[in-house]
Amino acid sequence: MVNRDEKDVIIDAQDIYKRFYIGQPNELEILHGIDLKVYRGEFVAIVGASGSGKSTLMNIIGVLDKPTEGKYHLDGVDIMAAKDNELSHIRNKKIGFVFQTYNLISRTSALKNVELPMLYAGASRKQRNERAKELMAMVGMEERMHHTPDELSGGQKQRVAIARSMVNDPAILLCDEPTGALDTKTGRTVMDIFHKLNEEQGKTIVFITHSPELADECQRVLTLSDGVFVGEREGRGHAAT
Ligand SMILES: Nc1ncnc2c1ncn2[C@@H]1O[C@H](COP(=O)(O)OP(=O)(O)O)[C@@H](O)[C@H]1O
Ligand SMILES: [Mg+2]
């Protein structure tokens, strides 16, 4: 079980509001004062209807977007006060993203896709290649690493995307419906990789899902509805499944 002490908080968002078209007559408030604490090493699920604000919140947690109002500390760093260059550094080093639609570059081999975030981080060619190969083996894709994404199934593409998310050894993985486009069996394989990363490497995982079964395998389940959290419960966790 994960410690839930104040000192172990890695994601600390307080009273987060997100509005679009600010100051316009048709201003939209999507998040209405969200509080979220995630502890180091936790595997947390976020569930909620389509349009409830899950991806908007995920983008804020992942520092892809800033809240309109609120406080956000990521691993002790005050995100609201950080400059743009610091933000991109934090994003690149601390967070791995996995999306429903994989977001791989189509004309580039799976291996090169995995290497890419390391290129931005300034790693040498040799370092990139070794690390990417190691991760491809970890997700069981070493046989297919020279294929382009078009030549891979959905599950294979998602395994490549997971390898890519891990390449800079982030503390946190943010997963936005990563099994949403996969059949149950393939989704299972992908979920098992997340369990492994959480259990063996201590990755903190925030996992958005529509699947009640997968949410229940997480340690804590938060329910978002119309831009507010309306429920929080303990999941059964992986060991109990
Ligand atoms: N950039 C944007 N501009 C205006 N509205 C947006 C923007 N992004 C999301 N929304 C709206 O915010 C609401 C929540 O969207 P989203 O966070 O994608 O929900 P979910 O991921 O839970 O399906 C939706 O009504 C969506 O249309
Ligand atoms: Mg979404």
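Points to keep in mind about this one:
- Accessible-area value, LYS93, 1.4 Å probe, nucleic acids and ligands omitted, Å²: 90
- Cross-link table LYS37/LYS66; LYS83/LYS126; LYS83/LYS112; LYS66/LYS112; LYS54/LYS94, entries beyond 22 Å C-alpha to C-alpha: LYS83/LYS126; LYS83/LYS112; LYS66/LYS112
- The alpha carbon gyration tensor of segment 104-143 gives principal lengths a ≥ b ≥ c with a/c of 1.5 or higher and a/b no greater than b/c, which makes the shape oblate.
- In order through segment 65-80: 3J(HN,Hα) via Karplus (6.51 cos²θ - 1.76 cosθ + 1.60), integer Hz, x for Gly, Pro: 8, 9, x, 6, 8, x, 10, 9, 10, 10, 6, x, 8, 6, 5, 5
- Positive minus negative residues near VAL38 (Lys, Arg vs Asp, Glu; Cβ under 10 Å): +1
- Phi-based couplings in Hz for segment 154-161 (Karplus 6.51, -1.76, 1.60; Gly and Pro marked x): x, x, 5, 4, 5, 5, 5, 5
- Centre separation in Å (Cα based) which lies between segment 161-220 and segment 74-105: 18
- Sorting the segments 21-34, 133-146 by their residues' average number of neighbouring beta-carbon atoms within 10 angstrom, most packed first, yields 133-146, 21-34.
- Our coupling estimate for segment 35-43, obtained by passing each phi through the Karplus curve with A = 6.51, B = -1.76, C = 1.60 and θ = phi - 60°, is 10, 9, 10, 10, 9, 3, x, 6, 10 Hz, Gly and Pro reported as x.
- By accessible area with a 1.4 Å probe, ligands and nucleic acids excluded, highest first: order of ARG188, ARG19: ARG188, ARG19
- For ILE10, net neighbour charge (Lys/Arg +1, Asp/Glu -1) across residues whose Cβ lies under 10 Å away: -1
The values are calculated or read from the model by the stated rules, or taken from the named source; none is laboratory data. Please read these numbers as outputs of a predicted model, since none were measured by experiment. Glycine also receives a Cβ, built like all others from the backbone with ideal geometry; neighbour counts cover every protein chain displayed. Heavy atoms of the whole protein, side chains included, go into the accessibility calculation; ligands, DNA and RNA do not. Shrake-Rupley method; radii C 1.70, N 1.55, O 1.52, S 1.80 Å.
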